[in-house]
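Reviewing the structure listed below.
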Amino acid sequence: QMAQRLMDDIVDLELEQGSYQTLSQLLTNDPAIVTGSGYINRLVGSLLDSTAALHADGQCQLCFAPQNILLKKGDDTPMLLCHGSFYTGVNDVKSMYDGMEDFVAPEVMSREGADERSDVYSLGRLIEYLYSTGSMPYEYKQVVKKAVAVNPDDRYNTIEQMKSDLVAKRGIRRSVGGLVAAVVLRW
């Protein structure tokens, strides 16, 4: 019955012909991809932009687990699967997110409500996951620390705030790096 309601609400579903895989499959088959030049920055940037568009439409993703992100082979552009706003009336949240709980904000799991900050949390958890086998850059550490705060009031209020802070911290790191290089060259 719920599936029929969901199908009734779908206006248009379009996928280009091609070979697709989830981010989870990609990372299993090619774990070194995350070390590629700018791969994580492009992926995270695309996810931030996609999420901002969802939020502008009044929707939330709620679970950025790698198995909920679809990628066309040979393309970095992610497509989001199963966004959580369709499931806000589901009673058994634990079963719905079984195996993906680490990517879901605590307030969603406890059915206390969800908003943009819930997506901030989930994206923060995905970024942690992407860097789980490597060293996370300073700017991501700072942004993720705030994004995954247990209390939603301690997180970024919007995806745009999260993105702006990431860009600003990246700029600070580059400026400091340039200053250090200039000082070293002067010696």
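The values are calculated or read from the model by the stated rules, or taken from the named source; none is laboratory data. Keep in mind the model is a prediction, meaning the values are calculated, not measured. Ideal geometry is used to build each Cβ from the backbone, glycine not excepted, and the neighbour counts take in all protein chains shown. These area figures cover heavy atoms from the full protein model, side chains too; ligands, DNA and RNA do not enter into them. Shrake-Rupley method; radii C 1.70, N 1.55, O 1.52, S 1.80 Å.
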(request) Highest first, please rank the peptides 54-61, 155-162 by the mean number of other Cβ atoms sitting within 10 Å of their residues. (result) 155-162, 54-61
(request) Can you tell me how much longer the chain between Asp57 and Asp76 gets when fully stretched, taken as 0.36 nm per residue apart minus their C-alpha distance, in nm with one decimal? (result) 4.5 nm
(message) Can you compute 3J(HN,Hα) from phi for each residue in the range 144-159, using the Karplus curve 6.51 cos²θ - 1.76 cosθ + 1.60 with θ = phi - 60°, rounded to whole Hz and x for Gly and Pro?
(response) 5, 4, 6, 4, 9, 4, 5, 7, x, 5, 8, 8, 5, 6, 9, 5
(request) Any chance you could run the full-extension gain for Thr133 through Asp98? It's 0.36 nm times the residue separation minus the Cα-Cα distance, nm to one decimal. (result) 10.3 nm
(request) Would you mind working out the accessible area per residue for the range 36-135, using a 1.4 Å probe, and quoting it in Å²? (result) 45
(request) Please work out the FRET efficiency for the pair Ser164 and Asn91, using the Cβ-Cβ distance as r and a Förster radius of 25 Å; give the result to the nearest 0.05. (result) 0.10
(request) Taking the Cβ of Val144 as the centre, find all other residues whose Cβ is under 10 Å away and add up their charges (Lys, Arg: +1; Asp, Glu: -1). (result) +2
(message) If the reach is capped at under 25 angstrom between alpha carbons, list the lysines near Lys163, excluding any in the same chain fewer than eight residues apart.
(response) Lys72, Lys141, Lys145, Lys146
